[in-house]
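Asks: Please read through the structure below; I'll follow up with questions.
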Amino acid sequence: MTRERLGLWLTLLIIFCWTLMPIQGFDIWFYLEIGRHVVEQFEIPWSESFLGTTEIYAFGRHANQSWLASVVCFLFYKAAGIPGLVLLRSLLITAIAGVTYGNCRLFGLSASWSSLIVLLGVWTVRGRFLLRTVLFTDLLLAALLSLLIWHQKRGDENSFPYLPLAILMAVWTNTHQGVVAGCVCLFLWLFTRKFPWKTRVLALAVAGFATLVRPHGWWFPAFFTDHFGNHQAISGVLEWAPLEARGILELAPLVLIGALAFGLCLKRKVGPWGNAIIAVVFVFMAVRSQRAVGELLPVLVPMVASFLALREPPRRLQIPFALCLAALLYTGWLGEPLQRLSSLGPKYPKGLTEELPADHGQIFNSYEFGNYLVFQQKRPFIHGITALYKEQLLIDFHNILNRNPKRLELLERFAVTEVMLHHPTQVDSTEQLVEDLFESDQWHLTWWDDSGLLFSKGRGRDLKAVTPWRRQKWQDPTAAKEQLEQMIAYRPSAVALSLRGILALNEGETELGLQSLEESLKLDPDSYSALLAHGSGSFQIGDLDAAERSLSAAVSLAPGAPIAHFNLALLYLRTNKAAEAIDQLEKVLEIDPQFPGAQDLLNKAEASR
């Protein structure tokens, strides 16, 4: 095996391993249901919204464009479950990187610098590594550039690869609506190079007609008029929002290298200037919309490589560049312990769905739960693809959530009998609805777990002893302990185990409390409340090593929580680490200058140094 090939395989292996992480995001469940429908029923659910509320809001026959990508996702899921989806995502990202590496080499950049610049590109777009059908667009975008670069290297302007282009665009249009990004890239490529007008017009016509080669292809243009004309719905979709300052800053290393390389070529009055235009357009689109950030890997990286190839940096810079890149990869590592890769995060309402009555009616659900319910073949009120539909459904959803006078009327109109909500946070209005349902005589809190709460109308359990969303979790410790024991025996969850642990510590049952908290942390290692309680309990019994591990983890998870810093300071004082204690106490006072006892303890710590 040549050194170049070995370097390529090592680069791809690093990327594959670096991107292994648990499945995140919610849209994947919608794609899986479409894929299952195609595979098992041999038809594309083209106009199916999978909503239980209404079909009136659906687009029509051009709604579910990503059916082919959905089939691929479902086949991987059917073959290997959640690990199969983890594998698919890393394979897609690695494939994008591999084709991009090939494009860098086609532009003439050396193998070593191609590997380094591709790794930097992967780091730059790491925030877009959700398993979504847009990854297929990124892969096909890289393939489109391969086709165009190969044609350019042949030097035959009169013989354009129309047939491969048509096949590529036809596959793409059935995979993801991001085929439009391919049309943009093709347009920029054709009009920044010396092609005959006939070739330009014919190539764009072939690509345009190929995007219609799919079921109900004539509806494709209407997708954009409906989708982007739906301003109220689109405005609430995070991925269409502009990049924030931090996101723009993370693009800076790759953009800066490209700008420097372009500047050097400009000084020598040589260079593929059209590539600079393509790079600027795609950077602008990425800044304008988070959705387009992922396209920087297959597009911006080879454009930068085309300028670096004309005046390649000295080899002596490769080692410091690689060291800086290694630091970036280490600090931005996305991987997780292998045992967590096959698990669903606590945010997916698996347990809540299993607790639904067999004869349940319409479910009113938190927005992010909808796609999971779709895959469980429970028609939700709303789901994560709802931005594709008319905005009235979102308006009705918010009117129910926000104590609107129409709430009761809407619940009756949609025949809602179950309400499934995530645990309230300080940044949403879910707590209002949770409180109203909990205090209502008509609704019963029938279950809660790590993902959220399930209410049923007029039937089922009525869990009253513990209120996990409130600051004061219980009024009657005896009743709370009994309820928690029953819930844990029936279906254990990290939240229930954590609350039982905290309750036991409060009651002086330290051994039981710590045991419950440790079981809770096995299910959810990132629970701030469990880590804080475990650290405090371990400190009380003198297990200072365990206390430091838990409290340090709690501080990392919630750096703005003064109590975690304060407790960690107490531990440092106990272990004669005055400097570390002072640092923690200063952070406490920076967050809350009036925190009880912090200033006095800081004075004592400084005096003891």
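Asks: Could you please find all residues in the stretch 412-471 being farther than 24 Å from L523 by Cβ, among the hydroxyl-bearing types (S, T, Y) and under 29 Å from the mean Cα position of the chain (by Cα)?
Replies: S429
Asks: When you go through W474, W469 one by one, which is the residue that is touching a Ser or Thr at 6+ places or on another chain (Cβ under 8 Å) and assigned to a loop (DSSP other than H, G, I, E, B)?
Replies: Values: W469 fails: touching a Ser or Thr at 6+ places or on another chain (Cβ under 8 Å).
From the options W474, W469, the qualifying one is W474.
Asks: State all residues of the stretch 108-149 that are more than 24 Å from L329 (Cβ to Cβ) and in contact with a helix residue (DSSP H, G or I) (Cβ under 7 Å, 6 or more places away or on another chain); if no residue qualifies, say none. I'd like the intermediate steps shown before the answer.
Replies: Taking the stretch 108-149 as the starting set, the residues that turn out to be more than 24 Å from L329 (Cβ to Cβ) are 108, 133, 136-137, 140, 143-149.
T133, F136, T137, L140, A143, L144, L145, S146, L147, L148, I149 - these are the residues of the stretch 108-149 that are more than 24 Å from L329 (Cβ to Cβ) and in contact with a helix residue (DSSP H, G or I) (Cβ under 7 Å, 6 or more places away or on another chain).
Asks: Let me confirm something: among L568, L512, which residue is part of a helix (DSSP H, G or I), over 24 Å from A598 (Cα atoms) and not basic (K, R)?
Replies: Values: L568 fails: over 24 Å from A598 (Cα atoms).
Result of the check over L568, L512: L512.
Asks: Scan the stretch 397-406 for residues that are out of contact with any Leu (no Cβ under 6 Å at 6 or more places or on another chain) and crowded, with 17+ Cβ neighbours inside 10 Å and jot them down.
Replies: Correct list: F397 only.
Asks: Quick check: is even one residue across the stretch 434-453 touching a strand residue (DSSP E or B) at 6+ places or on another chain (Cβ under 8 Å), touching a residue at least 12 places away in the same chain (Cβ under 8 Å), buried (at least 20 other Cβ atoms within 10 Å of the Cβ) and more than 17 Å from L356 (Cα to Cα)?
Replies: Yes, the stretch 434-453 has at least one match.
Asks: Also, quick follow-up: Which one is modelled with the lowest pLDDT among residues in the stretch 307-352 that are assigned to a loop (DSSP other than H, G, I, E, B) and of a type in the set (K, R)? Before you say what the answer is, go through the steps one by one.
Replies: Filtering the stretch 307-352 down to residues assigned to a loop (DSSP other than H, G, I, E, B) leaves 309-314, 332-337, 341-349.
From what's left, of a type in the set (K, R): 311, 347.
Numbers: R311: 84, K347: 79.
It comes out as K347.
Asks: Looking for something surrounded by fewer than 19 Cβ atoms within 10 Å (Cβ to Cβ) and modelled with pLDDT under 95 - is there at least one such residue anywhere in the stretch 172-181?
Replies: Residues of the stretch 172-181 surrounded by fewer than 19 Cβ atoms within 10 Å (Cβ to Cβ): 180.
Filter once more, so that each one left must be modelled with pLDDT under 95: 180.
Yes, because at least one residue in the stretch 172-181 is surrounded by fewer than 19 Cβ atoms within 10 Å (Cβ to Cβ) and modelled with pLDDT under 95.
Asks: Could you say which residue among S70, S49 is among the polar types (S, T, N, Q), in a loop (DSSP other than H, G, I, E, B), within 23 Å of H216 (Cα to Cα) and touching a residue at least 60 places away in the same chain (Cβ under 8 Å)?
Replies: Details: S70 fails: in a loop (DSSP other than H, G, I, E, B).
The unique qualifying residue is S49.
Asks: Could you list, in sequence order, the residues of the stretch 496-509 that are part of a helix (DSSP H, G or I) and over 18 Å from W448 (Cβ atoms)?
Replies: Here is the first cut: in the stretch 496-509, the ones part of a helix (DSSP H, G or I) are 496-506.
Matches in the stretch 496-509: A504, L505, N506.
Asks: Separate question: Output the residues belonging to the stretch 517-547 that are farther than 19 Å from R471 by Cα and either of a type in the set (F, W, Y) or not in a helix (DSSP H, G or I) (or both).
Replies: D524, P525, D526, F539, I541, G542, D543
Asks: Looking at A564, A558, A547, which one is in contact with a Gly (Cβ under 6 Å, 6 or more places away or on another chain) and modelled with pLDDT under 95?
Replies: Details: A564 fails: in contact with a Gly (Cβ under 6 Å, 6 or more places away or on another chain); A558 fails: in contact with a Gly (Cβ under 6 Å, 6 or more places away or on another chain).
After ruling out the rest, the residue left standing is A547.
Asks: So, one more: Do we find a residue being under 24 Å from the mean Cα position of the chain (by Cα) and assigned to a helix (DSSP H, G or I) anywhere in the stretch 354-364?
Replies: Within the stretch 354-364, the subset under 24 Å from the mean Cα position of the chain (by Cα) is 364.
Next, from what is left, pick out any that are assigned to a helix (DSSP H, G or I): none.
No, that holds for no residue.
Asks: Consider F228 carefully, then state whether it is at pLDDT below 80 and either out of contact with any helix residue (DSSP H, G or I) (no Cβ under 6 Å at 6 or more places or on another chain) or under 16 Å from F282 (Cβ atoms) (or both).
Replies: It is true that F228 is at pLDDT below 80 and either out of contact with any helix residue (DSSP H, G or I) (no Cβ under 6 Å at 6 or more places or on another chain) or under 16 Å from F282 (Cβ atoms) (or both).
Asks: Please specify each residue of the stretch 504-533 satisfying the condition of being over 16 Å from L551 (Cβ atoms) and under 24 Å from the mean Cα position of the chain (by Cα).
Replies: K522, L523, D524
The values are calculated or read from the model by the stated rules, or taken from the named source; none is laboratory data. Predicted model only: the values in this text are computed from it and were never measured. FYI the Cβ positions are ideal-geometry reconstructions off the backbone, even for glycines, and counts take in every protein chain you see.
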